[in-house]
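Single-structure report; data block below.
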Amino acid sequence: MTKPTDSKKAKATSAGQARILVLHGPNLNLLGTREPGIYGKTTLASIHTRMAAKAKAAGAMLETYQSNHEGELVDRVQSARDEGISYIIINPGAYSHTSIAIPDALKAVAIPFIEVHISNIHAREEFRHHSHFSASAQGVICGLGVQGYDLALDAALQNLS
Ligand code: CA2
């Protein structure tokens, strides 16, 4: 594997290294421990380790946050702007289908984001088919398992370079 050249590296912001925030909604802390048939066997911690290594190799910094509470996710999105986060990757979990507040916060901070779903929400129950996030997302990845996070990170790094 070749090392990324400087031109392929994520652009540093005036505040330093490009910072990417990975957000996870409710119950995703259980990844790898329950329902492996739907969500796989990989834990959130190992997803983060892999993503952080990839981000670092590309000259960016990864931050991660999981919460089971809608207001906490809104707060995290709001503080992202002040912290100089330049990209967000988010799996809103069940809030994808119910929350207006989190997509409103994403629109308010105007930070580009990619929406990720581990399962194919369109092949599941009808209530999962609509996401309130998708219309303002830069892109949506669903149904590719936890690999979706890596693909989202590739796209984010490319967009930041
Ligand atoms: O497919 C996805 O990534 C979802 O965002 C996951 C949500 C679900 O409500 C969405 O419709 C689709 C559920 C997350 C629950 O995560 C668990 C992980 C392991 C074990 C149990 C739940």
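The values are calculated or read from the model by the stated rules, or taken from the named source; none is laboratory data. Treat the numbers as computed from the prediction; the structure is a model and nothing was measured. Positions of Cβ are backbone-derived with ideal geometry, glycine not excepted, and every protein chain shown enters the neighbour counts. Heads up: the accessible areas ignore ligands, DNA and RNA and are worked out on the full protein's heavy atoms, side chains in. Shrake-Rupley method; radii C 1.70, N 1.55, O 1.52, S 1.80 Å.
Among the residues in segment 151-160, are any in contact with a Ser or Thr (Cβ under 7 Å, 6 or more places away or on another chain), assigned to a helix (DSSP H, G or I) and more than 11 Å from the ligand (Cβ to nearest atom)? Before the answer, list the steps.
Here is the first cut: in segment 151-160, the ones in contact with a Ser or Thr (Cβ under 7 Å, 6 or more places away or on another chain) are 160.
Subset that is assigned to a helix (DSSP H, G or I): 160.
In the following step, the residues that additionally are more than 11 Å from the ligand (Cβ to nearest atom) were identified as 160.
The answer is yes; a qualifying residue exists.
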**Request:** Specify the residue that is farthest from residue 145 (Cα to Cα); the eligible residues are those in segment 93-132 that are open to solvent by 20 Å² or more (accessible area, probe 1.4 Å), within 14 Å of the ligand (Cβ to nearest atom) and of a type in the set (D, E, K, R).
**Result:** 126
**Request:** Only residues in segment 32-61 that are under 18 Å from residue 10 (Cα atoms) count as the first member; pair them with residues that are within 16 Å of the ligand (Cβ to nearest atom) and of a type in the set (D, E, K, R), Cβ under 9 angstrom, at least 6 apart or cross-chain, and list the lot.
**Result:** 50/150; 51/150; 54/150
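Quick check on segment 129-143. Is at least one of its residues under 20 Å from residue 31 (Cβ atoms) and out of contact with any strand residue (DSSP E or B) (no Cβ under 8 Å at 6 or more places or on another chain)? Walk me through it before giving the result.
From segment 129-143, those under 20 Å from residue 31 (Cβ atoms) are 131, 133, 140-143; that's our starting set.
Among the residues that remain, those that are also out of contact with any strand residue (DSSP E or B) (no Cβ under 8 Å at 6 or more places or on another chain) are: none.
No, the conditions are met nowhere in segment 129-143.
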**Item:** Selection from segment 10-22 of residues that are away from the ligand (no atom under 16 Å from the Cβ) and either assigned to a strand (DSSP E or B) or farther than 18 Å from residue 151 by Cα (or both)
**Value:** 11, 12, 13, 14, 15, 16, 17, 18, 19, 20, 21
**Asked** In this structure, is residue 111 in contact with a strand residue (DSSP E or B) (Cβ under 7 Å, 6 or more places away or on another chain) and outside any loop (DSSP other than H, G, I, E, B)?
**Response** no
**Residues satisfying the stated conditions in segment 39-67, i.e. more than 22 Å from residue 78 (Cβ to Cβ) and open to solvent by 70 Å² or more (accessible area, probe 1.4 Å)** = 41, 49, 50, 54, 56
**Asked** What number of residues within segment 36-63 are near the ligand (Cβ under 10 Å from one of its atoms), of a type in the set (Ser, Thr, Tyr) and part of a helix (DSSP H, G or I)?
**Response** 1
**Message:** Given the criteria at pLDDT below 95, within 14 Å of the ligand (Cβ to nearest atom) and open to solvent by less than 40 Å² (accessible area, probe 1.4 Å), does residue 25 qualify?
**Reply:** no
**Message:** I want to confirm something. Restricting to segment 70-98 and keeping residues that are in a loop (DSSP other than H, G, I, E, B) and in contact (Cβ under 8 Å) with a residue 40 or more places away in the chain, which single residue is nearest to the chain's Cα centre (by Cα)?
**Reply:** 92
**Item:** Residue in segment 70-92 that is polar (S, T, N, Q), over 16 Å from residue 155 (Cα atoms), surrounded by fewer than 22 Cβ atoms within 10 Å (Cβ to Cβ) and near the ligand (Cβ under 10 Å from one of its atoms) present
**Value:** no
